[in-house]
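Notes to accompany the following structure.
The values are calculated or read from the model by the stated rules, or taken from the named source; none is laboratory data. Source: prediction; values computed, not measured. All Cβ positions, even for glycine, are placed from backbone atoms using ideal geometry, and neighbour counts span all protein chains on display. For accessibility, only protein heavy atoms count, side chains too; no ligands or nucleic acids. Shrake-Rupley method; radii C 1.70, N 1.55, O 1.52, S 1.80 Å.
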Amino acid sequence: MVAARVPLIAGNWKMNLDHLQAIAFVQKLAWTLDEAKHDTAASEVAVFPPFTDLRSVQTLVEAEKFSIAYGAQDVSTHESGAFTGEISGSFLASLACSYVLVGHSERRQFHGETNDVVGAKVRAALSFGLVPILCVGETADDLEEFGASAVPVAQVKASLAGISADAEVVIAYEPVWAIGSGKAATEEQAELVCGALRETLRENFGSEFADRTRILYGGSVKASNIAAFMRQSNIDGALVGGASLDVAEFASIVRFYKHVI
Ligand code: 13P
């Protein structure tokens, strides 16, 4: 029998909220979800604060036993050594991070991360017991030139090459043109690409891997459009940017199951 995929709603804070703001935010998010009687079995919630916030978030989550997972926005390909400014996956593991974002389009665009680098980051994360959330997506030019699925499918193939079929990874499909633009993909478009990504996982790692791996949609997700995405059979959650910085809005996205009909 195929195990059900627990939806994941992940908030990528990007370079927003310092450690004091992070404490206030996570506290408020936990209270809001608790007050709304959030069903933790219906969706998992995770936040991705800047590196400098992670210790504060860990301390709060552990002290209060909040059901909120957290992770980092990037990880080094190296374990340790002379790599100024880099953060090792071993450091993230020792802060009890569950996840790490890998290959976000802003890393690809502003830091020149290639599929090879992103693949090395996937492997580094796995080697420290972190679940990588591999971000893929086409630019507006790619969309015009190659259609919607070709680039994200190629990115997934290249960056997951060589990993074990037992590994746990999450894929986040984020069309670059939909990020921060207020112009989300339609649910049909997103489902088409997420379906193609699942078939790619099936061809490369087998059905068990494809059926249990969560595939998220990201790009201008809001409380008002999450339900339409979550109705699609190949979309298992969302990677949320701007709307994850507003407690009420993000909590409403986490509780999408209340507005999916
Ligand atoms: P927005 O939700 O602000 O479009 O950002 C999406 C994103 O990049 C999440 O990683």
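Check cross-link reach from residue 157 to the lysines: straight Cα distance under 17 Å, and skip same-chain residues fewer than eight apart.
Cα-Cα hits under 17 Å: 121.
From zero up to wherever the largest Cα-Cα distance of segment 87-158 sits, split into 10 Å bins and tell me the percent of pairs in each.
20, 46, 25, 8, 1
How much area per residue is accessible in segment 91-168 when the probe is 1.4 Å and only protein heavy atoms are counted (Å²)?
Values: 3390 Å² over 78 residues.
Ligands and nucleic acids excluded, the figure is 44 Å² per residue.
Run through segment 27-132 and list the chymotrypsin sites (Phe, Trp or Tyr not before Pro) located in a DSSP loop whose Cβ has at most 12 other Cβ atoms within 10 Å. Numbers along the way, then the final one.
Details: sites: 31, 51, 66, 70, 83, 91, 99, 110, 128; in loops: 66, 83, 128.
Sparse-neighbourhood loop chymotrypsin sites (Phe, Trp or Tyr not before Pro): 83.
Would you please give the FRET efficiency between residue 52 and residue 211, computed as 1/(1 + (r/R0)^6) with r the Cβ-Cβ distance and R0 = 35 Å, to the nearest 0.05?
Numbers: r = 38 Å, r/R0 = 1.08.
Once rounded, the FRET efficiency stands at 0.40.
Rg (Å, one decimal) plus Dmax (Å, integer) for the alpha carbons of segment 35-126?
Computed over the Cα atoms of segment 35-126, radius of gyration and Dmax are 14.7, 47 Å.
Report in % the part of the accessible area of segment 122-229 that belongs to carbon and sulfur, leaving out ligands and nucleic acids; probe 1.4 Å. Before the final figure, lay out each step's value.
Details: 2160 of 4100 Å².
With neighbouring chains kept in place, the figure for segment 122-229 is 53 percent.
Over the alpha-carbon set of segment 109-261, divide Rg by the Kirkwood Rh and report the Rg/Rh ratio to two decimals.
Details: Rg = 15.1 Å, Rh = 15.8 Å.
Reported Rg/Rh (Cα atoms, Kirkwood Rh): 0.95.
Which of the GluC sites (Glu not before Pro) found in segment 1-90 are loop residues per DSSP with 16 or fewer other Cβ atoms within 10 Å of their Cβ?
Values: sites: 35, 44, 62, 64, 79, 86; in loops: 79, 86.
Passing sites in segment 1-90 are 79, 86.
Expressed as a whole percentage, what fraction of the accessible surface of segment 1-101 belongs to carbon and sulfur atoms when a 1.4 Å probe is rolled over the protein heavy atoms?
56 percent
How about residue 183: which lysines have a C-alpha closer than 20 Å to its C-alpha, ignoring those fewer than 8 places off in the same chain?
Within reach: 14, 222.
Scale the Cα Rg of the chain by the rule-of-thumb value 2.2 N^0.38 Å and send over the ratio, two decimals. Numbers along the way, then the final one.
Working: Rg = 17.1 Å, N = 261, 2.2 N^0.38 = 18.2 Å.
Dividing the Cα radius of gyration by 2.2 N^0.38 Å gives 0.94.
When the chain is fully extended, how far beyond the present Cα-Cα distance does residue 41 get from residue 109, taking 0.36 nm per residue of separation? All intermediate terms of the calculation are to be shown ahead of the outcome.
On the way: separation 68, 0.36 × 68 = 24.48 nm, distance 3.57 nm.
Gain on extension, residue 41 to residue 109, equals 20.9 nm.
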